[in-house]
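Worksheet: the structure to be examined is printed underneath.
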Amino acid sequence: MPQSSSTQGVQTTTDLGFVSDVTLRRKLVEAIETTSELYLVQQDPNYSALAKEIRRIIVLYCASIIEAVLLYLYKKYGYKLTKLEYRDIQTLTQRYQLDSNCKFVIASQVNVPRHERELMLDLLLKLFIDENIIPKQLGEKIEKVKAIRNTFHLAKSRSGMSIGQPGIKASFDAVYETIVVVRNHLANRQA
């Protein structure tokens, strides 16, 4: 991603034209430009001590771009992911409490829509793979990006998750392919 105005052939001003939310489109363009600039910085010998962390930041941005594009598709066509909630919870009397480590209850199970803030990359990815919008091969690339992104959790192990140039290229490829797949899917639905 050596150029800030394009990403491996993706002209950000035209290829993101399918995103009708102007604010989101601007944020996506800025994020792509930021990853391009960070790519150049991490190659600069003056920043060799920081290169590994800069690459980690690039992957974080890539995962965020992918997640934003998938969330845009989700909202545009009104997909609904639900979660199971329990309501009207009634604890059974002591005579039915057979295990001291838990409480036995009776409750109503209700499927409710997930709030937008609960729609993380893993849920969106699974939905769009199940809907045959995201091909499995692209899904695997996105999973790798997600796994590297998760190394930002400082309390989690980073062993086995090196981020070299191949990891960066795979992340950029995943961003590019996701944009193309979503753009093409939207174009096909409108045709």
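Quick one: helix 51-76 against the long Cα principal axis of the chain, what's the angle to the nearest 10°, folded into 0 to 90? It works out to around 60 degrees. Relative to the first principal axis of the alpha-carbon coordinates of the chain, what is the inclination of helix 136-149, with its axis defined by its Cα atoms, in degrees from 0 to 90 and to the nearest 10? Tilt relative to the chain: about 90 degrees. Under 5 Å between amide hydrogens, built in the peptide plane, is the criterion, and for Val105 it picks out Leu92 among residues at least 5 positions away or on other chains.
Taking a ≥ b ≥ c as the square roots of the Cα gyration tensor eigenvalues, the chain comes out oblate, since a/c reaches at least 1.5 and a/b does not exceed b/c. Accessible area per residue for segment 59-191 is 62 Å², calculated with a 1.4 Å probe on protein heavy atoms, without ligands, DNA or RNA.
Computed over the chain, the per-residue total of -39500 (n - 2.57) for DSSP H runs of n ≥ 4 gives a 222 nm mean residue ellipticity of -18000 deg cm²/dmol, rounded to 500.
Between Val105 and Glu143, the C-beta separation translates, for a Förster distance of 30 Å, into a calculated FRET efficiency of about 0.25.
For the pair Asn188 and Lys52, a Förster radius of 45 Å applied to the C-beta separation gives a FRET efficiency near 0.65, rounded to the nearest 0.05. For the chain, the Cβ-based charge dipole about the Cα centre amounts to some 360 debye (Lys, Arg positive; Asp, Glu negative; other atoms uncharged). Based on the Kirkwood approach, the hydrodynamic radius assigned to segment 49-131 is 16.4 Å, with every pair of different Cα atoms included.
The values are calculated or read from the model by the stated rules, or taken from the named source; none is laboratory data. This is a predicted model, so every value here is computed, not measured. We place every Cβ from the backbone using ideal geometry, glycine too, and count neighbours over all the protein chains shown. With ligands, DNA and RNA removed, areas are computed over all heavy atoms of the protein, side chains included. Shrake-Rupley method; radii C 1.70, N 1.55, O 1.52, S 1.80 Å.
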